[in-house]
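Report on the structure given below.
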Amino acid sequence: SQQGEEDPQALSIQEGENATMNCSYKTSINNLQWYRQNSGRGLVHLILIRSNEREKHSGRLRVTLDTSKKSSSLLITASRAADTASYFCATDQTGANNLFFGTGTRLTVIP
Amino acid sequence: EAGVAQSPRYKIIEKRQSVAFWCNPISGHATLYWYQQILGQGPKLLIQFQNNGVVDDSQLPKDRFSAERLKGVDSTLKIQPAKLEDSAVYLCASSSWAGRGEAFFGQGTRLTVV
């Protein structure tokens, strides 16, 4: 079964707006990663946040992690049409050394 | 740096036939993953190798799916016999360190079973 659940399943915003998507997971983790997938393409790694970190930034991306609530959020600021894609969180489970993906959020940025 | 290579890109087969997918990971990457992604869903881990040993194959339907990674480099995933519900994109990924860092994905193989 999937390790994580993303929320919302789909999000549609205007170009220039911010997009926020959330991920909840079930077990203890070493780190949590966010990936992007353009239609018909492979997944591309965006950012990794370790279990002892609470917030991380990379360009227009901001990720937060709350291990007490077993949740993470990905914020994309000043969105662009090129950000249109599906976004997935992936968890590296403690003691398991594997990478499990969530269900994904489909983001559409309208020019 | 060359990325993860997968072939073929597309495959159409009839149910009960067999099919094989090939993956060449990034040079030096010890960890190799095979994922199945059904349309509209997230990738589902089928099997994970560390070098040429299996780390996790708990979600691999072993009655029809098999995978191997010879010499800890290339890997093949086989389905025999295929069912209609096997229609999906099969993604291969590799990382330098099991689960600890970024995974690099290939473009995937889109399988259609008719």
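Do you know which residues across region A:50-95 are free of Cβ contacts under 8 Å to residues at least 24 places away in the same chain and touching an Asp or Glu at 6+ places or on another chain (Cβ under 8 Å)?
Selection gives A:R54, A:R62, A:T64.
When the residues of region A:89-98 are filtered to those that are assigned to a loop (DSSP other than H, G, I, E, B) and more than 8 Å from chain B (Cβ to nearest Cβ), which remaining residue is surrounded by the most Cβ atoms within 10 Å (Cβ to Cβ)? It would help to see each step written out before you state the result.
Step one: filter region A:89-98 for residues assigned to a loop (DSSP other than H, G, I, E, B), giving A:94-98.
Remaining after also requiring more than 8 Å from chain B (Cβ to nearest Cβ): A:94-95.
Values: A:T94: 13, A:G95: 8.
Only one residue fits best here, namely A:T94.
Exactly one of (1) modelled with pLDDT under 95; (2) more than 26 Å from A:G104 (Cβ to Cβ); (3) among the aliphatic types (A, V, I, L, M) is unmet by B:A20. Its number?
For B:A20, the exception is condition (1).
Give me a count of the residues in region B:1-35 that are touching a residue at least 40 places away in the same chain (Cβ under 8 Å), part of a loop (DSSP other than H, G, I, E, B) and more than 17 Å from B:S66 (Cβ to Cβ). Show your work before the answer.
Start the filter on region B:1-35 by keeping residues that are touching a residue at least 40 places away in the same chain (Cβ under 8 Å), which leaves B:3-26, B:28-35.
Subsequent filtering for residues that are part of a loop (DSSP other than H, G, I, E, B) retains B:3-4, B:8-9, B:14-18, B:25-26, B:28-30.
With the extra rule that they be more than 17 Å from B:S66 (Cβ to Cβ), the set shrinks to B:3-4, B:8-9, B:14-15, B:25-26, B:28-30.
Adding up the residues that qualify gives 11.
Of the residues that sit in region B:36-50 and are assigned to a loop (DSSP other than H, G, I, E, B) and open to solvent by 10 Å² or more (accessible area, probe 1.4 Å), which one is modelled with the highest pLDDT? Reasoning before the result, please.
At the first step, the residues of region B:36-50 found to be assigned to a loop (DSSP other than H, G, I, E, B) are B:38-43.
The next check asks that each one be open to solvent by 10 Å² or more (accessible area, probe 1.4 Å); those that pass are B:38-41.
On the way: B:I38: 94, B:L39: 90, B:G40: 88, B:Q41: 90.
So the residue we want is B:I38.
Please note which strands (runs of 3 or more DSSP E) are completely contained in region A:1-88 and include at least 3 residues that are open to solvent by less than 60 Å² (accessible area, probe 1.4 Å) and among the aliphatic types (A, V, I, L, M).
On the way: elements: A:4-7, A:10-14, A:19-25, A:29-37, A:43-50, A:55-58, A:61-66, A:71-76.
Hits in region A:1-88: A:43-50, A:61-66, A:71-76.
Output the residue which, of all residues in region A:99-111 that are surrounded by fewer than 22 Cβ atoms within 10 Å (Cβ to Cβ) and within 13 Å of chain B (Cβ to nearest Cβ), is modelled with the highest pLDDT.
Among them, the one singled out is A:R106.
Within region B:86-114, which residues are touching a residue at least 12 places away in the same chain (Cβ under 8 Å) and open to solvent by 60 Å² or more (accessible area, probe 1.4 Å)? Outline the logic, then answer.
Here is the first cut: in region B:86-114, the residues touching a residue at least 12 places away in the same chain (Cβ under 8 Å) are B:86-99, B:103-114.
Hits for region B:86-114 are B:S96, B:W97, B:F104, B:Q107, B:R110, B:V114.
The values are calculated or read from the model by the stated rules, or taken from the named source; none is laboratory data. Keep in mind that this is a model prediction, so the values were computed, not measured. Because the Cβ atoms are built from the backbone with ideal geometry, glycine has one as well, and the counts that use them run over all protein chains shown. These area figures cover heavy atoms from the full protein model, side chains too; ligands, DNA and RNA do not enter into them. Shrake-Rupley method; radii C 1.70, N 1.55, O 1.52, S 1.80 Å.
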